[in-house]
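The structure under discussion is supplied below as structure tokens; questions concerning it will follow.
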Amino acid sequence: MTEYMAIMEYLKKNLNQNRLNHSINVGKEAVKLSNLYGYDEKKAELAGIVHDCAKDIKLENQKHYAKNCGFIVDDLTYKIPELIHAPASVYVCKNIFGILDIEILTSIRYHTTGRENMSLIEKILFIADIIEPGRKFEKVEKIRALAYANIDEALLFALDATIIYIIERKLVLHPDTVKARNYIMDFLC
Ligand SMILES: [Fe+2]
Ligand SMILES: [Fe+2]
């Protein structure tokens, strides 16, 4: 079941309308960034369309999927509902869609937190998720502008914005986000 139409059918049944629109938008945004930075647009589009595919299923099921996704999932990720859909979506991609491309799967696994030394598709998905046209928040225009000028600068700014947002709301900050931020900061200096 790797065909695009079959995947879309699944998403239409398992995502709410807003999430479905968001997923399609992330796919389109990922294509644009791929063309600009020289990545396979088909792979990036697929990653964008499926990146949140487990987000609307029950939290308990997401945790079960995450346990069997094939990536290491740390205890903190299990405790933060906003993060667990990333490894859970990897499970759906592998076991329901038959997506086995490790670059696509890795980009989905880390699309919420980022991580140290992100690959190009990981950066593309992370940024596309944040800047797709449906996103409206204070710093989004700046991230959009940076994304089309220098994806690493966009990544640093987006990670900083995420970290500030999390701290201001007294939420738990995942260490991978800090590691992603410090790595890209060091890379840019
Ligand atoms: Fe997500
Ligand atoms: Fe998303």
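Round to the nearest 10 and report in Å² the accessible area of Arg181, as given by a 1.4 Å probe over the protein chains' heavy atoms.
Arg181 has an accessible surface of roughly 60 Å² with all protein chains in place.
On to the next question. Among the aspartates and glutamates, which fall within straight-line cross-link reach of Lys63, defined as a Cα-Cα distance under 18 Å, with same-chain neighbours fewer than 8 residues apart omitted?
Asp52, Asp74, Asp75, Glu82
Using the Cα centre of the chain as the reference point, and only Cβ charges (+1 on K/R, -1 on D/E), how large is the resulting charge dipole? Debye, rounded to the nearest 20.
Computed charge dipole of the chain: roughly 480 debye.
Among the listed pairs Lys139/Lys170; Lys42/Lys142; Lys32/Lys58; Lys28/Lys67, give every one whose C-alpha distance is greater than 25 Å.
With Cα atoms farther than 25 Å apart: Lys42/Lys142; Lys32/Lys58; Lys28/Lys67.
Related question: In what order, largest first, do Arg109, Arg19 sit by accessible area if the probe radius is 1.4 Å?
Arg19, Arg109
Same structure again: Which ³J(HN,Hα) values, rounded to whole Hz and listed in residue order, are derived for segment 167-178 from phi using the Karplus coefficients 6.51, -1.76 and 1.60 in 6.51 cos²θ - 1.76 cosθ + 1.60 with θ = phi - 60°, glycine and proline given as x?
Using θ = phi - 60°, the values come out as 5, 4, 8, 6, 9, 7, 9, 6, x, 4, 5, 5 Hz.
Next question, about the same structure. Spin-label point model (7 Å from Cα, Cβ direction): what's the Asn21 to Ala6 distance in nm?
Result for the modelled spin labels: 3.0 nm.
Something else about it: Could you look at the chain and say what percent of its accessible area is carbon and sulfur, using a 1.4 Å probe and all protein chains?
Accessible surface attributable to carbon and sulfur in the chain totals 54 percent.
Plugging the Kirkwood radius over Cα pairs into Stokes-Einstein for the chain, at a temperature of 20 °C and a viscosity of 1.002 mPa s, what D comes out in µm²/s?
The Stokes-Einstein estimate is 130 µm²/s.
The values are calculated or read from the model by the stated rules, or taken from the named source; none is laboratory data. None of the values given here were measured: they were computed from a predicted structure. Note that we place each Cβ from the backbone using ideal geometry, even for glycine, and neighbour counts take in every protein chain shown. All accessible areas refer to the heavy atoms of the entire protein, side chains included, with ligands and DNA or RNA removed. Shrake-Rupley method; radii C 1.70, N 1.55, O 1.52, S 1.80 Å.
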